[in-house]
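The structure appears right after this line, and notes come after that.
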Amino acid sequence: MKKKWSMAVLALCTSLLLAACGEGGGESVRAETEDGQTSGEEKESNASEEPEYQAKLDAVDPAAYGNAKGLTLEKGAYISIIGKTDGGQYWEEVKEGTRQAAADINAELGYEGEDQVRVTYSGPAESDNVDEQVNILDEELARYPVALGIAITDAQACDVQFDLAAESDIPVVAFDSGSDYQGLMATVATDNPAAAAYAADQMAELTGGSGQIAVFAQDSKSQSALQRVNGFVSRLQQQYPDIQVISVYYMDQLEAMGQIVADEINAGTYQRPGADSEMEQEVTAENITEEDVMDYIFAKYPEIKGCYGTSGEAVELITGTLDRLEKEDMAVLGFDADEEEVTAMEEGKIDGLVVQNPFGMGYAAVIASARAACDLNNEAYVNTGYVWMTPDNMDSEEIQAMLY
């Protein structure tokens, strides 16, 4: 098994500095039980047992971001965490990590009931909605949290809000996907360039080091997507000259490709699968679906030997298209491991996946935010780790411990 995370044990900074408290909205993730005790408190009978999620915290490097020790926050303080969306398996796992971090902070501080430090998680209803995320960011900053963590959907969209946060002494931590904004206290994320380069090596092995490869990215705006594209393409260009990346297709630009497809249909240079060229009337871009665009790509490049997706959504777009077109014997690699991807791997449709650590990411984002609120030093980059899953190792304990 190829396991790709690093762990380092660092001494914890123990200086105790108070941070201001505030009131927040969003979904509270204090993780209280019905009797008012936090879920992070262990019962005596199982105090020595290691929690099921411990492997996900052990993958976080530096190790200081995998526990809540050494933090001091005022009673009732809150931390705001903003994701790219409020739903989906990956982001639900992020949310679980924030819940556990909140529970652990309160257990360490002995806070109960209304005294508890609160962590709120919020995100757009639809994945990667930039405008809605910016609106949520504005709303959260107006509530003056002691710190704020955000998975930045558009690396160019939030600088004005970050400037306002700095003016209000609200430290900002990025997680999952960051930006080049200089005032970020930390970025908590997968080592995307390294993971993408590793995927490129595996693609070269699967394709015999030659042939055409197509890349599908979840968006063209987030730093994480661009890192995964650039890391993959750069490795292939540098080390595998006989592999040709035919193009990078961004899912937020597929609709715009509809005009290209429509023009070719109308010119008679392309015919949709199953369509009768004599019966097909003139079409417009609005008539072209995402499926039509994907069919067009594979029709134009019938010799594609492998596909790489930079997210679960992108991988599922690939596998759905290959199923529909009944294409087999094609290497498929990508990121994430939701239920649909795991099932597809079990069915032999996916050859390898970068399994990220969203639980550890959510947890470490809260810890980094709390450290910033306490004026404790933060690492500029916190690596939350990943493992490489294949059909051969997917049932191993190491892989199963990281699935969600």
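Condition check: under 30 Å from residue 303 (Cβ atoms) and either among the polar types (S, T, N, Q) or more than 22 Å from the chain's Cα centre (by Cα) (or both). Does residue 237 satisfy that? Here the answer is yes, as residue 237 does meet what is asked.
Restricting to region 229-246, count the residues that are hydrophobic (A, V, I, L, M, F, W, C) and not in a helix (DSSP H, G or I). Number satisfying all stated conditions: 3. Since residue 203 meets every condition but one in (1) in contact (Cβ under 8 Å) with a residue 60 or more places away in the chain; (2) more than 18 Å from residue 322 (Cβ to Cβ), which condition does it not meet? Condition not satisfied by residue 203: (2).
Selection of first residues in region 297-312 that are in contact (Cβ under 8 Å) with a residue 24 or more places away in the chain and not assigned by TED's automatic domain parsing to the domain that holds residue 211 and of second residues that are among the hydroxyl-bearing types (Ser, Thr, Tyr) and part of a strand (DSSP E or B), restricted to Cβ pairs under 6 Å at least 6 apart or on distinct chains, gives an empty result.
Checked against the criteria, residue 203 does not count as in contact with a helix residue (DSSP H, G or I) (Cβ under 6 Å, 6 or more places away or on another chain) and either of a type in the set (A, V, I, L, M) or modelled with pLDDT under 95 (or both).
Applying the set (1) within 19 Å of residue 89 (Cα to Cα); (2) assigned to a loop (DSSP other than H, G, I, E, B) to residue 349 leaves exactly one unmet item: (1).
The set of residues in region 147-169 being among the β-branched types (Val, Ile, Thr) and either closer than 15 Å to residue 123 by Cβ or in contact with a strand residue (DSSP E or B) (Cβ under 6 Å, 6 or more places away or on another chain) (or both) consists of 150, 152, 153.
Determine whether residue 380 is in contact (Cβ under 8 Å) with a residue 60 or more places away in the chain, surrounded by fewer than 24 Cβ atoms within 10 Å (Cβ to Cβ) and among the hydrophobic types (A, V, I, L, M, F, W, C). It is true that residue 380 is in contact (Cβ under 8 Å) with a residue 60 or more places away in the chain, surrounded by fewer than 24 Cβ atoms within 10 Å (Cβ to Cβ) and among the hydrophobic types (A, V, I, L, M, F, W, C). Applying a threshold of 7 Å to beta carbon distances and a minimum spacing of six or more residues, or different chains, the list of pairs starting in region 188-199 at a residue that is assigned to a strand (DSSP E or B) and ending at one that is of a type in the set (S, T, N, Q) and surrounded by 23 or more Cβ atoms within 10 Å (Cβ to Cβ) reads 188/384; 189/177; 189/224; 189/384. Looking only at region 83-98, residues that are closer than 18 Å to residue 54 by Cβ and buried (at least 24 other Cβ atoms within 10 Å of the Cβ) come to 3 in all. As a summary of the residue check, residue 153 satisfies the conditions (1) assigned to a loop (DSSP other than H, G, I, E, B); (2) among the polar types (S, T, N, Q); (3) farther than 30 Å from residue 78 by Cβ except for the one numbered (3).
Candidates 265, 246: the one that is under 23 Å from residue 317 (Cα atoms) and buried (at least 19 other Cβ atoms within 10 Å of the Cβ) is 265. One residue stands out among those in region 105-136 that are in a helix (DSSP H, G or I) and crowded, with 20+ Cβ neighbours inside 10 Å: the one that is nearest to the chain's Cα centre (by Cα), which is 133. Counting only residues that are out of contact with any strand residue (DSSP E or B) (no Cβ under 6 Å at 6 or more places or on another chain) and farther than 13 Å from residue 292 by Cβ, which one in region 318-329 is surrounded by the most Cβ atoms within 10 Å (Cβ to Cβ)? Going through the qualifying residues, I end up with 319. The set of residues from region 96-153 being under 20 Å from residue 71 (Cβ atoms) and either assigned by TED's automatic domain parsing to the domain that holds residue 225 or charged (D, E, K, R) (or both) comprises 96, 99, 104, 108, 112, 114, 115, 118. Test residue 102 against the stated conditions and say whether it is touching a residue at least 24 places away in the same chain (Cβ under 8 Å), part of a helix (DSSP H, G or I) and in contact with a Lys or Arg (Cβ under 9 Å, 6 or more places away or on another chain). It is true that residue 102 is touching a residue at least 24 places away in the same chain (Cβ under 8 Å), part of a helix (DSSP H, G or I) and in contact with a Lys or Arg (Cβ under 9 Å, 6 or more places away or on another chain). Within region 360-377, the set of residues being in a helix (DSSP H, G or I) and either touching a Leu at 6+ places or on another chain (Cβ under 8 Å) or surrounded by fewer than 18 Cβ atoms within 10 Å (Cβ to Cβ) (or both) comprises 360, 363, 367, 369, 370, 371, 373. Tell me whether region 168-176 contains one or more residues that are modelled with pLDDT of 95 or more, touching a Leu at 6+ places or on another chain (Cβ under 9 Å) and more than 19 Å from residue 382 (Cα to Cα). The answer is yes; a qualifying residue exists. Figure legend. Inter-residue proximity from region 247-267: first residues over 28 Å from residue 237 (Cα atoms) and assigned by TED's automatic domain parsing to the domain that holds residue 298, second residues exposed (fewer than 15 other Cβ atoms within 10 Å of the Cβ) and acidic (Asp, Glu), beta-carbon distance below 9 Å, spacing 6+ or different chains. Indicated pairs: 258/286; 262/282; 262/286; 265/280; 265/282; 266/282.
Mind listing just one residue for me: the one in region 306-346 that is hydrophobic (A, V, I, L, M, F, W, C) and part of a loop (DSSP other than H, G, I, E, B) and, of those, farthest from residue 387 (Cα to Cα)? The selected residue is 330.
The values are calculated or read from the model by the stated rules, or taken from the named source; none is laboratory data. Keep in mind it's a predicted model, so treat the numbers as computed, not measured. Positions of Cβ are generated from backbone atoms using ideal geometry, with glycine treated the same way; all protein chains shown enter the neighbour counts.
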